[in-house]
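Report on the following structure.
The values are calculated or read from the model by the stated rules, or taken from the named source; none is laboratory data. Please read these numbers as outputs of a predicted model, since none were measured by experiment. Cβ atoms come from the backbone with ideal geometry, glycine included; neighbour counts cover every protein chain shown. In case anyone asks, the SASA skips ligands and DNA or RNA and just uses the protein heavy atoms, side chains included. Shrake-Rupley method; radii C 1.70, N 1.55, O 1.52, S 1.80 Å.
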Amino acid sequence: MGEPELTPMQRALRLARQALGTTSPNPSVGAVLVRDGVVVGEGYTLPPGQRHAEIGALEQAGPAARGASLYSTLEPCCHFGRTPPCTRAVIAAGVAEVHLAVIDPNPRVQGQGSRELEAAGIRVLVGEEAGPAGELYEAFAKHIATGLPYVSAKFAMSLDGKIAAYTGDSKWITGPEARDLVQQIRRESDAVMVGVNTVLADDPQLTVRQHVSGPQTGRQPLRVVLDSRGRTPSQARLLREPGKTLIFTSQEAGAEHAQRLTSAGAEVFAVPAAPSGMVDLGAALRELGRRGVVSLLVEGGGTLLGSLFDAGMVDKVYAFVAPVIIGGRQAVSPVAGQGVAKMAEAWRLSNPRMQPVGSDWLIVGYPQARR
Ligand code: AOF
Ligand code: ZN
């Protein structure tokens, strides 16, 4: 009520978004079956090994699927993975027409699914809502091609580019609406990462609070701490929250810290140290990708974000900007590290998008590779 009427593809997108964060390493897909202008079936992807979106919609529609149009946010699969191919089920159900937003970037599908549908006499139309659907699958596209998680960097800063006062006080820079949106982004992420300095300074929970909209699955993204020397306190709040915490240490940490943190409820994983002595970021990302973490949200602090930018490992930026001025030479900013030497080498966001959120702004974009 009061909501503008959605097109079938927009409905499918909304279904797909609801399942984000619960399907990895699979993409989250939404499917809507329409016959004579009436929605006769809807579905979204269930967790890995369970049914795909199209199957859910077909099951709901039953015999009404015959002659219907299927709207799917992703090309139906045509391979035996953990589940049988959706194309077969679509053909068997007698669907007349398939609208798909984008082609599946999985090399085992990649156009083959739509060719199979066409070969069976089904009309296939590609590209409706391709923009939003492409964004929905940007993380999946990277992970399926490289095995690495898609890295989103999130920070909240003042107009003068600070993330705290010179005293370290940082609660709060942005308002409640922006902080709620961060919860939403966490809910859609497979893992949330911080550096140990942030654990020591802020003692964050890194959880999705239950008031956030969407299905209340109780699921929490994996919490990840980069902590080369094992300095996370046993009493840290994030160790006591529901869900799992994974702490990457380097061999420098020593067995007693690993044991202490394991007894405190974390999983400790040692990777080689980078020349800086910090955890080797590439090794940590590879391990996360291997575990099926497709989307990784990095929430700071400046040291970790600086290292990630220096290494060219940031795929997407969520920058919240609050209309406040903090000042202070000692007050820190969101991205430390080495930084670039010349403006010409600065990371520039391609397609930056700016939207008001409460009394703050959110700027989203993709840091462009330096030449
Ligand atoms: C679809 N509909 O809802 C999803 C698809 O191991 P499986 O059988 O679950 O297959 C996983 C692959 O299927 C995944 O890599 C991607 O290519 C596709 N995902 N396809 O038709 C869906 N989630
Ligand atoms: Zn499928």
Which numbered condition Glu42 misses (of (1) of a type in the set (Asp, Glu); (2) more than 10 Å from Ala31 (Cβ to Cβ); (3) in contact (Cβ under 8 Å) with a residue 24 or more places away in the chain; (4) more than 9 Å from ligand 1 (Cβ to nearest atom)): (2)
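Hey, among the residues in segment 111-134 that are of a type outside the set (D, E, K, R) and more than 23 Å from Arg14 (Cα to Cα), which one's surrounded by the most Cβ atoms within 10 Å (Cβ to Cβ)?
Ranking the candidates gives Leu117 first.
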Positions within segment 273-299 being within 16 Å of the chain's Cα centre (by Cα) and crowded, with 21+ Cβ neighbours inside 10 Å, in sequence order: Leu285, Leu288, Val293, Val294, Ser295, Leu296, Leu297, Val298, Glu299
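For segment 220-232, state whether one or more residues are part of a helix (DSSP H, G or I) and either polar (S, T, N, Q) or in contact (Cβ under 8 Å) with a residue 24 or more places away in the chain (or both).
no
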Residue count for segment 121-146, restricted to those that are over 24 Å from Glu188 (Cβ atoms), touching a Ser or Thr at 6+ places or on another chain (Cβ under 8 Å) and within 16 Å of ligand 2 (Cβ to nearest atom): 1
Meets criteria (of a type in the set (Val, Ile, Thr) and surrounded by fewer than 22 Cβ atoms within 10 Å (Cβ to Cβ)) for Val32: no
When residues of segment 300-318 are limited to those that are more than 12 Å from Lys162 (Cα to Cα) and out of contact with any helix residue (DSSP H, G or I) (no Cβ under 7 Å at 6 or more places or on another chain), the one most open to solvent (accessible area, probe 1.4 Å): Asp310
Residue ID - nearest to ligand 1 (Cβ to nearest atom), chosen from residues in segment 65-110 that are open to solvent by 10 Å² or more (accessible area, probe 1.4 Å) and hydroxyl-bearing (Ser, Thr, Tyr): Thr83
Among the candidates Glu128, Glu177, residue that is assigned to a helix (DSSP H, G or I) and more than 22 Å from Gly302 (Cα to Cα): Glu177
Residue within segment 80-93 that is within 17 Å of Gly134 (Cβ to Cβ), assigned to a helix (DSSP H, G or I) and of a type in the set (A, V, I, L, M) present: no
